[in-house]
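Visitor: Before I ask anything, here is the structure I am working with.
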Amino acid sequence: MAEDAGFPRLEPSELARAVEEATGFLVDLIKIPTVNPPGGETAAARYVEKVMAEARIPTRFFEPAPGRGSVVARLKGDGTKGALLLLSHLDVVPVDEKRWTVPPFAGLVKDGQIWGRGAVDCKNVVAVWMALLLAFKRHGGLKRDLILAATADEEAGGLMGAGWLAEHELETIQADACLNEGGGPAITAGPATYFLYNNAEKAPVWVKLVAEGRAGHASMPHSDNAVLKLTQALAKLAPSRLPVHIIPTVRDFVAGLAAGQSFPKSLAVRQMANPALAERVLATAFPDEEQAAGFRAMIRNTAAPTMLSAGLKVNVIPSEASADVDCRILPGQTADDLIRLRAVIGEGIRIDVGRRSAGSESPFPGPLGEAIRGTLAETAPGARLVPFLVPGATDARFLRPRGIPSYGFFPTLPKDGLQTAHGHDERLSLESLAFAVRTLAGVIGRYAG
């Protein structure tokens, strides 16, 4: 057993074996379709359970509804410290097979990539957690327990998976900290490379905008048309942006981003934390529109119309038209803050708030963050670790309110990122998978050893 600087460190041969095992686990998991809905995660959970059982790592299987299985495995440490929860989900989003160039559930390995739904979101994370539990089982030396939770239903809200565990089996997954999906991809900006460390995330709030008007024959148009009222309101919403709110994570993110830039860009980037100048900075300092859109979503609540409904027949002017709007609110904000939509869309439109939830934020960097920073100094010299607000939501939202600080970190190389997640031809390079194994092995050794 190798020890370095007071923590267990896997030998090169052990890391190579872990990379090989993670690759095999990922291929096998992709081959088990777990599209949600309906989910059917039980088969994948049983696969994880079987691998852990063969390694004599105790597991517990949970199935709150038929086919919606999750599994929790625990590798015991020496009992002198608490536990580290390694969380990920087994379900994946649907595919449009006609638009894929490879079978989405074949788990193909070609051109240096692993192809298939779940390769990036996020059976890759499950596979690496599995491989590292086996590696540290063989290596030994941990003080903390490692808890692997491979759960159902994240892609449809998590209530059958991590949410159910948090409500009914919290003691089973109780830990001093949690490592999850939602962070880790490397980005480049100017001369610097940054690894994103998700310690905060927005929350979804679903809103329905409803316009009412006078029904009539379409051959005699009039101005009291519900469809026209709704589309006029949506046209106002699309280009408008809600007020800027800078939360602590975003302030630290901006400071970390600026620290990697040379003057005068470093000064300009710092102004992203200035509500009066943030939009101008994004428009000028970040020519990559996708990157700018991601940063933009970190500084304000957002509202995106996604579904429209109106009318029963083409020649009848309907009396009602509605639009479903996916809103994402920042930590510290509430659904009631979305009343600000009224100032954008104007009067005459009813705003019905449906699903409500709250954003969450964990301290940065903390002991786990320091373990990541120390490991990146070896696996990615010169790169910077910065906190990050996820514009979407992960299963961490069930854990933070229950006192488990939760962080998203699955490191990938800049060439990979998350571009193919939820898209056609989803894939992850073997190089990034190996990098993730090496880096996360170091993080676990430092934090749990």
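Visitor: Before we move on, is PRO66 part of a loop (DSSP other than H, G, I, E, B) and either of a type in the set (D, E, K, R) or surrounded by fewer than 22 Cβ atoms within 10 Å (Cβ to Cβ) (or both)? Steps first, answer last, please.
Guide: Details: part of a loop (DSSP other than H, G, I, E, B): yes; either of a type in the set (D, E, K, R) or surrounded by fewer than 22 Cβ atoms within 10 Å (Cβ to Cβ) (or both): yes.
So PRO66 fits the description; yes.
Visitor: Scan ALA238, ALA226, ALA233 and give me the residue that is in contact with an Asp or Glu (Cβ under 7 Å, 6 or more places away or on another chain), under 30 Å from ILE349 (Cα atoms), of a type in the set (A, V, I, L, M) and assigned by TED's automatic domain parsing to the domain that holds LEU338.
Guide: Details: ALA238 fails: in contact with an Asp or Glu (Cβ under 7 Å, 6 or more places away or on another chain); ALA233 fails: in contact with an Asp or Glu (Cβ under 7 Å, 6 or more places away or on another chain).
When all the criteria are applied, what remains is ALA226.
Visitor: Within segment 385-418, which residues are more than 24 Å from ILE114 (Cβ to Cβ) and surrounded by fewer than 16 Cβ atoms within 10 Å (Cβ to Cβ)?
Guide: PRO401, ARG402, GLY403
Visitor: Taking the condition crowded, with 23+ Cβ neighbours inside 10 Å, on the phi < 0 side of the Ramachandran plot and assigned to a loop (DSSP other than H, G, I, E, B), does MET220 pass?
Guide: no
Visitor: For ILE147, which of the numbered conditions (1) in contact with a Pro (Cβ under 8 Å, 6 or more places away or on another chain); (2) part of a strand (DSSP E or B); (3) β-branched (Val, Ile, Thr) fails to hold?
Guide: (1)
For every residue, the table says whether it meets (1) at pLDDT 95 or above; (2) of a type outside the set (Val, Ile, Thr); (3) in contact with an Asp or Glu (Cβ under 7 Å, 6 or more places away or on another chain); (4) not assigned by TED's automatic domain parsing to the domain that holds PRO411.
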{"site": "GLY79", "(1), (2), (3), (4)": "no, yes, no, no"}
{"site": "GLY82", "(1), (2), (3), (4)": "yes, yes, yes, no"}
{"site": "SER88", "(1), (2), (3), (4)": "yes, yes, yes, no"}
{"site": "VAL93", "(1), (2), (3), (4)": "yes, no, yes, no"}
{"site": "ASP96", "(1), (2), (3), (4)": "yes, yes, no, no"}
{"site": "PHE105", "(1), (2), (3), (4)": "yes, yes, no, no"}
{"site": "TRP115", "(1), (2), (3), (4)": "yes, yes, yes, no"}
{"site": "ALA119", "(1), (2), (3), (4)": "yes, yes, yes, no"}
{"site": "ASN124", "(1), (2), (3), (4)": "yes, yes, no, no"}
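Visitor: Moving to a separate point now. In segment 229-240, is there at least one residue being more than 26 Å from VAL325 (Cβ to Cβ), buried (at least 17 other Cβ atoms within 10 Å of the Cβ) and modelled with pLDDT of 90 or more?
Guide: We begin by selecting, within segment 229-240, every residue more than 26 Å from VAL325 (Cβ to Cβ); these are none.
Looking through segment 229-240, none of the residues is more than 26 Å from VAL325 (Cβ to Cβ), buried (at least 17 other Cβ atoms within 10 Å of the Cβ) and modelled with pLDDT of 90 or more.
Visitor: While we're on this one: Considering every residue within segment 40-49, establish whether at least one is within 24 Å of the chain's Cα centre (by Cα) and within 23 Å of ARG400 (Cα to Cα).
Guide: No.
Visitor: Is there any pair with a first residue in segment 83-94 that is farther than 14 Å from SER70 by Cα and a second that is at pLDDT below 95 whose Cβ atoms are under 6 Å apart and which are 6 or more apart or on different chains, and what are they?
Guide: Qualifying pairs under 6 Å: VAL93/HIS422.
Visitor: When the residues of segment 92-116 are narrowed to those that are farther than 14 Å from SER432 by Cβ and touching a helix residue (DSSP H, G or I) at 6+ places or on another chain (Cβ under 7 Å), which ends up surrounded by the fewest Cβ atoms within 10 Å (Cβ to Cβ)?
Guide: Selected residue: VAL93.
Visitor: Another one. Does ARG46 fit the bill of being of a type in the set (D, E, K, R), in the same structural domain as GLU155 (by TED's automatic domain parsing), within 19 Å of PHE105 (Cβ to Cβ) and in contact with a strand residue (DSSP E or B) (Cβ under 8 Å, 6 or more places away or on another chain)? Walk me through it before giving the result.
Guide: Numbers: of a type in the set (D, E, K, R): yes; in the same structural domain as GLU155 (by TED's automatic domain parsing): yes; within 19 Å of PHE105 (Cβ to Cβ): yes; in contact with a strand residue (DSSP E or B) (Cβ under 8 Å, 6 or more places away or on another chain): yes.
Spelling it out, ARG46 is indeed of a type in the set (D, E, K, R), in the same structural domain as GLU155 (by TED's automatic domain parsing), within 19 Å of PHE105 (Cβ to Cβ) and in contact with a strand residue (DSSP E or B) (Cβ under 8 Å, 6 or more places away or on another chain).
Visitor: Of the conditions (1) under 25 Å from GLY359 (Cβ atoms); (2) at pLDDT 85 or above; (3) surrounded by 14 or more Cβ atoms within 10 Å (Cβ to Cβ), SER319 clears all except one; give me its number.
Guide: In the conditions (1) under 25 Å from GLY359 (Cβ atoms); (2) at pLDDT 85 or above; (3) surrounded by 14 or more Cβ atoms within 10 Å (Cβ to Cβ), SER319 misses (1) alone.
Visitor: Would you mention how many residues in segment 73-113 are of a type in the set (A, V, I, L, M), closer than 24 Å to GLY39 by Cβ and either within 20 Å of the chain's Cα centre (by Cα) or part of a loop (DSSP other than H, G, I, E, B) (or both)?
Guide: The total comes to 10.
Visitor: Within segment 262-284, is there a residue that is touching a residue at least 60 places away in the same chain (Cβ under 8 Å) and in a strand (DSSP E or B)?
Guide: No, there is no match, as no residue in segment 262-284 is touching a residue at least 60 places away in the same chain (Cβ under 8 Å) and in a strand (DSSP E or B).
Visitor: Hey, another quick one. Take segment 371-400 and flag every residue that is touching a Lys or Arg at 6+ places or on another chain (Cβ under 9 Å), β-branched (Val, Ile, Thr) and not in a strand (DSSP E or B).
Guide: ILE372, THR375, THR379
Visitor: Further, regarding this structure: Hey, could you check segment 331-350 for residues that are among the aliphatic types (A, V, I, L, M) and loosely packed, with under 15 Cβ neighbours inside 10 Å and say which is nearest to ALA233 (Cα to Cα)?
Guide: Step by step, filter segment 331-350, then rank; the result is ALA343.
Visitor: Yes or no: LEU312 part of a loop (DSSP other than H, G, I, E, B) and among the hydrophobic types (A, V, I, L, M, F, W, C)?
Guide: Answer is yes for this residue.
Visitor: Something else about it: State whether the residues of segment 147-155 include one that is modelled with pLDDT under 95 and assigned by TED's automatic domain parsing to the domain that holds LYS415.
Guide: No.
Visitor: When you scan segment 252-272, do you find a residue that is at pLDDT 90 or above, over 19 Å from GLN333 (Cα atoms) and basic (Lys, Arg), even just one?
Guide: yes
Visitor: Looking at segment 167-182, is at least one residue part of a strand (DSSP E or B) and surrounded by fewer than 17 Cβ atoms within 10 Å (Cβ to Cβ)?
Guide: Looking through segment 167-182, none of the residues is part of a strand (DSSP E or B) and surrounded by fewer than 17 Cβ atoms within 10 Å (Cβ to Cβ).
Visitor: Among the numbered criteria (1) of a type outside the set (S, T, N, Q); (2) out of contact with any Leu (no Cβ under 8 Å at 6 or more places or on another chain); (3) outside any helix (DSSP H, G or I); (4) surrounded by 14 or more Cβ atoms within 10 Å (Cβ to Cβ), which one does ASP252 miss?
Guide: (3)
The values are calculated or read from the model by the stated rules, or taken from the named source; none is laboratory data. Here the structure is a predicted model, which means the values were calculated and not measured. So basically every Cβ, Gly included, is an ideal-geometry build from the backbone, and we count neighbours across all protein chains shown.
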